[in-house]
Amino acid sequence: MPPAFPRYRLLAPLLLATSLFSAEPPIDLGTRRELFVDQFLIARLEGVQLKLHEPRREGIALKFDEPWEGPFCAYVTVIKDGDLYRMYYRGKPDAGKGSIKREVTCYAESKDGIVWTKPHLELFEVMGTRENNVILPNQDLYNEGFAPFLDTRPNVAPDERYKALTRTKQGKGGLIPLASADGIHWRVLQTDPMITEGNFDSQNVAFWSASEGCYVAYFRVNPKINGTIIRLISRTTSADFIHWTQPVRMEYGDRPLEQLYTSATHPYFRAPHIYIALPKRFFPDKVALSSEQAKALVKDPNYRIASSDSVLMTTRGGNHYERTFMEAFIRPGPDPEDWISRDNQPAMGVVPGNAREMFIYRLSHYAQPSIHLFRYSLRTDGFISVNAPYQGGEMVTRLVQFSGKTLEINFNSSAAGGLRVEIQDAEGNPIPGYALADSPEVIGDEITHVITWKEKGTDLSSLSGRPVRLRFVMHDADLYSLRFAP
């Protein structure tokens, strides 16, 4: 495999095992959006490469400063429901023996994803007050690894619009289902564990997959490989959220195994057939701080050794994660407080932020009084791009067919750069009217730009359903996604 250089991945000119123009079946894109987070759509890269983009630090989103929250808050989930952002997380004031009995599940909300409030819900009394933001109190049977989702299954019952899996200590332990009409008032659907093969002591994520037509769940397992326990991820599926298949461990192709503490796997909101995963990558024996520095920051000695960062993975269903880049997606950063054990855990939920950006959240200063959630921003669709240097190059897609009328792209360029688009037939020949010479150069920075050809204009209806390839000739530009829009 070609080497992966920091934040760039250079791929062989031909990525297909056979000839570029062999009799491959076309990929039916319909009108769905495709991102370049993997090699799914790419047949050839020449003079261009895939580039990993790092989210931008924006500031503190929420401080975990209530008495029932505390230094060991974790496992954050963020959901955008209409005009309201909802946040869920574990409140845990201390660690050690018996601390699980003091865990609660907390709730916050926001109108813009930037300024967050903690409503006084008055649902349960915690630490002597009902004026708190607790939605699930401490209970001996369940309340661990809670990660809710908005159920998008067609015809879902109104009182089960929100669902979640959480760990129970009932019997041999495992995961049980919860449901809610409003995301605040929750009820247990079944007390007997449904999924029992796993560890379940971190975020247990689930969602409805429209592309697979079932519920999907991801959770941590700790197998012993070559004598060493390693944190990995398993998945299971269900048609009804009650009966689940035998869990299957996720695979990573020829990539090396690493300690993945969480997965935060969820459908990307603009292309839900692509699941984005933002694991916390854990290094139990790597330290950046001296023992004196760590002791000054963290009271509990169990959290002074180890380091973590955040990585990006994707999957399109099944038991395979694509790790296009092994490099960190978000590095710990300049604060010594973020080089502490079990810190830097991404929240589950990449959410739309504004017209051009999406928001990502990540835990900071874990096990410390200053613990908080940090907000990051990233260009919409901007995880990975096809990146062209000033000298230029080109990308040719695999054979596709579509049902849309126009070709939309998300791109940016320098003033010197730009891109042009050619549409080819199955044999790689330019289709008359859509050749490179017919494509005016596109420059600028747009989330949605409709490609035009000199004589044909924007309408691609005549090519709908026909197997074609797209050829992008680029220089000093980035291409993030494409879509044949209706």
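If r is the Cβ-Cβ distance from R249 to S414 and R0 is 51 Å, what FRET efficiency results, to the nearest 0.05? Please list the in-between numbers first.
Details: r = 44 Å, r/R0 = 0.87.
The pair R249/S414 has a calculated efficiency of 0.70.
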*asked:* Could you give me D for the range 215-350, from Stokes-Einstein at 20 °C and 1.002 mPa s, where the hydrodynamic radius is the Kirkwood radius over C-alpha pairs? Units µm² s⁻¹, please.
replied: 132
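Enumerate by residue number the GluC sites (Glu not before Pro) in the range 89-184 meeting two conditions: DSSP loop (anything except H, G, I, E, B), and at most 16 other Cβ atoms within 10 Å of the site's Cβ.
Details: sites: E103, E109, E122, E125, E131, E144, E160; in loops: E103, E122, E125, E131, E144.
Answer by residue number: E122, E125, E131.
Between D445 and D65, what length in nm is gained on full extension when 0.36 nm per residue of separation is reduced by their alpha carbon distance?
Working: separation 380, 0.36 × 380 = 136.80 nm, distance 4.02 nm.
In short, 132.8 nm is gained.
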*Going by how many other Cβ atoms sit within 10 Å of their own, how do H475, H53, H243 line up, fewest first?*
H243, H53, H475
_Full-stretch length increase - R356, Q293 - with 0.36 nm per residue and alpha-carbon distance subtracted_ = 18.7 nm
*At Q170 and T152, where each label point lies 7 Å from the Cα along Cα→Cβ, what is the point-to-point distance in nanometres?*
3.0
*So how far apart, in nm, are the two label points at D28 and S462 if each is 7 Å from Cα heading toward Cβ?*
2.5
*Scale the Cα Rg of the range 376-463 by the rule-of-thumb value 2.2 N^0.38 Å and send over the ratio, two decimals.*
1.15
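What pairs in K63/K92; K172/K286; K224/K286; K405/K456 have C-alpha atoms more than 22 Å from each other? Write down the numbers at each step before the final one.
Details: K63/K92 13 Å; K172/K286 34 Å; K224/K286 20 Å; K405/K456 12 Å.
Beyond 22 Å between Cα atoms: K172/K286.
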_Residues of the range 60-84 with the amide nitrogen closer than 14 Å to a label point 7 Å from the Cα of D300, along Cα-to-Cβ, please._
69-75
*Length gained when the stretch K224-D81 is fully extended (0.36 nm per residue, less Cα-Cα span)*: 47.5 nm
*Calculate the length of the line joining the C-alpha centroid of the range 323-339 to that of the range 374-416, in whole Å.*
24
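Pick out, in residue order, every one of the chymotrypsin sites (Phe, Trp or Tyr not before Pro) in the range 370-462 that is DSSP loop and has at most 16 other C-beta atoms within 10 Å; say none if there are none. Numbers along the way, then the final one.
Working: sites: F374, Y376, F383, Y390, F402, F411, Y434, W453; in loops: F383, Y390, Y434.
Sites meeting the loop and neighbour criteria: Y390.
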*asked:* Between the range 223-288 and the range 418-459, how far is it from one alpha carbon centroid to the other, in angstrom?
replied: 39
*Filter the trypsin sites (Lys or Arg not before Pro) in the range 420-483 down to the DSSP loop ones having no more than 15 other Cβ atoms within 10 Å, then list what survives.*
K454
_Taking a virtual spin label 7 Å from the Cα of E46 along the C-beta vector, which residues in the range 451-474 bring their backbone nitrogen under 20 Å of it?_
468-474
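Could you work out the percent of alpha carbon pairs in the chain separated by over 44 Å, rounded to a whole number? Could the numbers behind the result be given before it?
Values: 20414 of 117855 pairs.
Tail fraction, whole percent: 17.
The numbers here are math on the coordinates, done by the rules we state, and not lab data. All values derive from a computational prediction rather than experimental measurement. Don't worry about glycine lacking a Cβ; one is built from the backbone with ideal geometry, like all the others, and counts go over all protein chains shown.
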